[in-house]
Amino acid sequence: MNQVERIRISRRLQRRTFLGGVAFGGVSILLAACGDAMPTPGVAPAGSATVAATSMAPASSPAMSSSSASAGSPASPTRAMGLAGTPTVARRTAAPRGELRLALGFDFPAKIDALKDTHLMPYGLLETLTRQTPQNTLEPWLAEQVTRVDPTTWRVTVRQGAKFWDGSAVTADDIIAAFQKNWAGFPDAKGIISPDTKMTAIDQRTVEFKTPAPSGIFPYALSLTLFGIHKPSTPGGADGGILTGPYRATKLVVDNELTLEPFADHWGGPAPIAKISIRFVPDPNARLLALQSGDIDMLYNFPPESLKSFDSAVEAMATPSGRVDLINLNLKRPPFNDRVVREAFSTAIDRAILNTVGLDGRGVPQYTLFPTGVGFETIPIQTYDQAKAKQLLESGGWQVGADGVRVKDGQRLAFTLLSYPGRAQLTPYAVSIQSQLKPVGFAIEVKEVQNVTEVTKTGDWDATMKSNNMLPTGDPLYELNRLLGQGGGDNVGQYVNLQVESLLNDLRVELDPAQRQQLSLKIQEIAKTDVPDVFLAVGPITTAYRKGKVRGYTPHPNDSYLISTDLSVS
Amino acid sequence: MPVQSRVQRFSSWISELHPTGRIALSLLLCLVLLALFGPWVWGQGALDQHVELRLSNPSLHHPLGTDSYGRDILARLFLGARWSLLGAALVCAGVSTIGFVLGTLAAFGNRFVDTIIGRLIEALLALPGLVPALALTAILGPSFPNLLLALIVTSWPSSARIFRSLILREREAGYVESAIALGASSRVVIFRHILPNIFGPALILATANFGGVILGLASLSFLGLGMQPPTPEWGRMINDARAYFQRYPWQMIAPGLCIALTVLAVNLSGDALRDRIAGERYSKREMPPRSRRAGSTLRDVAAQVSPLPKLTQRAASGRFSGTEM
Amino acid sequence: MSRFLIARLLAVFPVLLVISLLAFGLQAITPGDPAILLLQASGVETITPEAIQAKRAELHLDDPLPVRYTQWLVGALHGDFGRSFRSYEPVTNLYRDRIAATALLALCAASLSALFAIPLGMTAAYWRGSWLDALAQVLAVIGSAVPGFWVALMGIYFLAARLHWLPAFGTLTMKGVIMPVGVLALANMATLTRLTRGVVLDVLSQPFVRVARAKGLSTREIAIRHVFPNTLGPILTVLGLETAHLMTGAAVVEYVFAWPGIGKLAVDAALLRDTPVIVGFAIAAGLIFVTLNLVVDLAVGTVDPRVRSV
């Protein structure tokens, strides 16, 4: 079976299991809890039956707990909803064994400190209160239960037996302290859950969050790395060095290697692998060869064109991801302060060629804001039509000059497109776009820098290639806010539209999942006209491992989850 | 002198070269011609993308196949040769100019200036090959001109050092001393008398570094600090081919061989020319004095460049020897 | 001997001082505010003007350059080279953790190349014009013309990917060392063969060799008694220099093999403009160079008394 087929099948499978999940559990639960049967893909707050069947953690078989109120209208303040894991956990008892050797090329941890490094979650070091399942639904994780008491009140109960690496139990006070530090440490965190939220310890394990306004994203936001649970390595310390994950670091040499061992007192029991060694190998080719020669057992996020190079000893797969490759445009200066130029630019790019050149045809050309098929409502907002692009420019006053480059009022249609080598597909896209857009009348200079953020911060740039994880929370608000909201972390082009701002505000307080998707669609409609960013393609998540050695691997569309307790070696 | 006899003299001079040297020189000439006219003669565009033909095997139309964008690899190699040779030539010229200026300053300036320049040279020679150039390019921002600049800034010391001793030696020569005695200004002495006399050795010095500079350029471009895409450059082509080289190894082998062949041709030609000139000067069995400081004769230049070890002057050599890659 | 030693030791300081000045200069011309970069590296995401001001005061960034240099130098003398802009690790620790891996690589490569190159260079010079000489010349010429990073990639392709003999990236194991050492030794061998040959030829042209020949000593005796001792000094010198170059100049090869050494650290730092680490590299390289130089000088001084009088 070739890889393209595999992607299609896995995507089909995903949708099928997902819809199945909604039909099985989600719908009934939604009916029971919310009183409206709207199986909108991707917003079922509970993992339900599907999750139990395919879940990563055998410990959790989540079920809804509808604690206080009966069914009501979506806006009903008395309605209760939430997530719950089974309090009694079937702990793993088997002794950990074997060694797993991995090589990674980016997002390598620099410090075991949740406040200083946001790359700890993929390695099983950091845990959050909730997490996303591979089916892009939400389930409790370090929390046993997340309950909405009323639209602004949430109760989170920590799992029985949850412990920090130092052996102390995770208490409600620890959660409160961790949240306070997260707000102080991550400005982005403040935009998602208001720092004015009042937190009270109800009992040893339960925290009550009282948000200033209703917050629809709350349970999803708990799954963000930014709201990880940690405690200082010395009492009263400012760091977040003690975590709760199933694995803990025994050795970390920056930019070189990380060694993990199971945390014996983890709430789920000791993790199955006795030793995990992770090497940092920035060269994708060397990583690939290392897997082929058996020096490592597993490889993650390698360039898709390498899929053809593996022999039969390697199991390789490309699965849909939530990572979108796009171009951020600088709206503060010419030529992209002209809306017509932005639309023409987007319309002139043939994404299918980009998919071929950058992803060896393994990805999906993208004309929508969110990736399709991962549970978000999304509509095509961009197209490819070179004739239309030319026509747009003509009508916008951009005339072809003597050298084939369009000119308007003495301003040439020339700009620099930044790229970076960290994600292998981006520079090929840029080089292809440069060549594709030449006949349309664009003069593009491609420039590869190591760190684009450094450049975009200065304001002295025109357009930059980017790769964004669109589903870190499983809720549309997070990325819409980051990408299109004023001052959002990914909004480097400084796009501001008051209508979008007001819709984002509506989205923040909207509790009904279906309504949330509708608001998201309205925002996407505006982005269709304004074209603040150009969406290009969704690359697959590529994983390869040695057959017979690695077991229990489930691909996850969100690259925040890599090493789970389901993973074992033989 | 009639042109005819000049050409004749030159050709007879060339024919007296070592056969390896002659072969290397003709190879180098071929490479230069290919770099100059190759892209023009070979009709394929080095930048034309034909996605439908991407990663195709060698064929009559594309003798070396196409890369991941469907661009003709042969055409890219031709264009890449241009940048490699031009870049190395510019770096060598820059290094020689700085070397000449600072060498002159050290030789003609007072003791203080001499000491300062001397210390600077010594310290820079203690810094290893490519990393300072790498750091400087990264700080200036990756681009081809910046890369050339960084290579010049970090590799002038060995050249300045040799220029200094060359100039010192010439200054002590009788004709210069008489010129000074006749009241010639320093400028006249430097440009009228010394420069023409050290021109030959200076040229040798520059060519001796040429091969090393090509390797340095390729290494830094390989790291992504040189020519920006889509312009082809050999080092960058090797880097771009890495993702595909398990299935299309020639995409990486070809530019690597081009670099090796060019450096080989340059080094061998340089050796042959150096031997030829050194032989000419000292054919009369006149052995230069082995003084420690200013004892720089042409042979010493050849020695430092080749580089033969000198107990007291050894750091000068081998800045771009292969070990640094 | 002790006067020679003291003279050599004293000559080291100006070199190190100039290197420190250059390194500091590099730091000064790097764009970007070190205070902001360090705050970011330390994990502070909201950077307030007050925090920047405090950091600038802590780093003495608002002082005049000479004062800053002095302060930096005093810190450096105490082993404090600041912290990385990326990992916030102290620069000294970064180098301390990696120097052993680099030294291992350099020493192995130097020994391997010496083992082959010195005998080859000697025999090539001795039987000048023979097939051995031709072989030596070819090796020397090719070894110095082929880009090391390319040989490394080719080695990875054939020996690791195709034949599965060796690991594809550098690991601190017997097998993992072979390829990086081999690649480095290849280029080093070229230089060393060429130099050894030159040195021996030089000695062979000396009058005392002619005298020895005239005395009727056998070729072997001349080689062992007269030629070899006289070539030892220059060869040691070259070997020392080449080892220094291997320690500090193997950066790109280290990078290709992901070898956990100081060269790779420096390349990574340079690519990401992590100036404190780059500066640390310049200092480390300078130290390594002068130390090895000193060691070589002493060794040569021991084997060749003529040097001491110079």
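Taken together, the values in this text are just the output of simple stated rules run on the coordinates, not laboratory data. It should be emphasised that the depicted structure is a prediction, and the values quoted were computed from it without experimental measurement. So basically every Cβ, Gly included, is an ideal-geometry build from the backbone, and we count neighbours across all protein chains shown.
Report the Cα centroid-to-centroid distance between region A:352-394 and region B:91-106 in angstrom, as an integer.
If you average the Cα positions of each part, the centres end up 54 Å apart.
Just want the answer: with Cβ charges of +1 for Lys and Arg and -1 for Asp and Glu, which residue in B:P58, B:A46, B:V95 is farthest toward the dipole's positive end in region B:15-171?
B:V95
Search the structure for amide H atoms under 5 Å from the amide H of C:A258, placed 1.01 Å from N in the peptide plane, and list their residues when 5 or more places away or on another chain.
For C:A258, the qualifying residues are C:G170.
Going 7 Å from the Cα of C:T302 toward and past its Cβ, which residues in region C:3-22 have a backbone nitrogen under 15 Å from where you end up?
Within reach of a label on C:T302, which here means backbone N under 15 Å from a point 7 Å along Cα→Cβ, region C:3-22 contributes C:5.
Give the average, rounded to an integer, of partner chain Cβ atoms located within 10 angstrom of each Cβ in C:242-250.
The shielding value for this peptide is 5.
Obtain the nm distance between the two label points defined at A:R97 and A:Q518 by a simple spin-label model: each point lies 7 Å from its Cα along the Cα-to-C-beta direction.
For the pair A:R97/A:Q518, the computed spacing is 5.7 nm.
Distance between the C-alpha centers of region C:23-38 and region B:121-164? Whole Å please.
19 Å
How much FRET efficiency would the formula 1/(1 + (r/R0)^6) give for B:W40 and A:T529, where r is the Cβ-Cβ distance and R0 is 51 Å, rounded to 0.05?
Once rounded, the FRET efficiency stands at 0.60.
Starting with the fewest neighbours, write out C:V74, C:V252 ranked by other beta-carbon atoms found within 10 Å of each beta-carbon.
In order of increasing Cβ crowding within 10 Å: C:V74, C:V252.
Please order B:D275, C:D133, B:D240 by the number of other Cβ within 10 Å, starting at the fewest.
Fewest-to-most Cβ neighbours within 10 Å comes out as B:D275, C:D133, B:D240.
For chain C, what is the calculated [θ] at 222 nm in deg cm²/dmol (nearest 500), taking -39500 (n - 2.57) for each run of four or more DSSP H residues and dividing by its residue count?
-24500 deg cm²/dmol
Pairs to check: A:K457/A:K522; A:K388/A:K528; A:K388/A:K522; A:K390/A:K466. Give those whose C-alpha atoms are more than 21 Å from each other in this structure.
Beyond 21 Å: A:K457/A:K522; A:K388/A:K522; A:K390/A:K466.
Loop only per DSSP, at most 15 neighbouring Cβ atoms within 10 Å: give me the trypsin sites (Lys or Arg not before Pro) in region A:461-561, ordered by residue number.
Values: sites: A:K466, A:R482, A:R508, A:R516, A:K522, A:K528, A:R546, A:K547, A:K549, A:R551; in loops: A:K547, A:K549.
Those that pass, being in a loop and sparsely packed, are A:K547.
Magnitude of the Cβ-charge dipole of region C:169-260, K/R +1 and D/E -1, about the Cα centre, nearest 20 debye?
Roughly 500 debye for region C:169-260.
Cβ under 14 Å from C:I222's Cβ, C:I222 left aside: what net charge do those residues give with Lys, Arg +1 and Asp, Glu -1?
Around C:I222, the surrounding residues sum to +4.
Obtain the nm distance between the two label points defined at A:I379 and A:D150 by a simple spin-label model: each point lies 7 Å from its Cα along the Cα-to-C-beta direction.
Using points 7 Å along Cα→Cβ, the separation is 3.7 nm.
Please average, across the residues of B:69-79, the number of beta carbons from any other chain that are within 10 Å of each residue's own beta carbon, and give a whole number.
Across the residues of B:69-79, the mean count of other-chain Cβ atoms within 10 Å is 1.
Which lysines, if any, have their Cα less than 20 Å from the Cα of A:K547, not counting same-chain residues under 8 positions apart?
Cα-Cα hits under 20 Å: A:K275, A:K308.
For A:K457 and A:S502, what is the calculated FRET efficiency with R₀ set at 25 Å and r taken between the beta-carbons, to the nearest 0.05?
0.35
Measure off 7 Å from each Cα along the Cα-to-Cβ vector at A:A238 and C:D202, then give the distance between these two points in nanometres to one decimal.
The answer from the label model is 5.9 nm.
Quick check for me: using +1 on Lys/Arg Cβ and -1 on Asp/Glu Cβ, what's the dipole size of the protein assembly as shown about its Cα centre, in debye to the nearest 20? Please list the in-between numbers first.
Values: 109 positive and 91 negative charges, 776 e Å.
I would put it at about 3720 debye.
Where the centroid of each part is defined by its Cα atoms, how far is region B:203-243 from region C:102-116 in Å?
Each part's Cα centre sits 27 Å from the other's.
Based only on other Cβ atoms within 10 Å, what is the fewest-to-most ordering of C:W127, A:W183?
Sorted ascending by nearby Cβ count, the order is C:W127, A:W183.
Just tell me how shielded B:46-54 is by partners: mean number of partner chain Cβ atoms within 10 Å of each residue's Cβ, no decimals.
That works out to 3 on average.
Given H placed on each backbone N at 1.01 Å, which residues far from A:F302 in sequence or on other chains put an amide H within less than 5 Å of it?
Here A:T542 satisfy the definition.
For a protection proxy built on the mean count of beta-carbon atoms within 10 angstrom, sort B:84-92, A:409-417, A:288-296 highest first, please.
Those peptides, ordered most packed to least, come out A:288-296, B:84-92, A:409-417.
Given a Förster distance of 51 Å, report the FRET efficiency between A:A352 and C:W165 from their Cβ-Cβ distance, rounded to the nearest 0.05.
Efficiency computed from Cβ-Cβ geometry: 0.80.
Less than 20 Å from a label point 7 Å out along the Cα-to-Cβ axis of A:A387: which backbone N atoms in region A:428-451 qualify, by residue?
Output list for this probe position: A:436-442.
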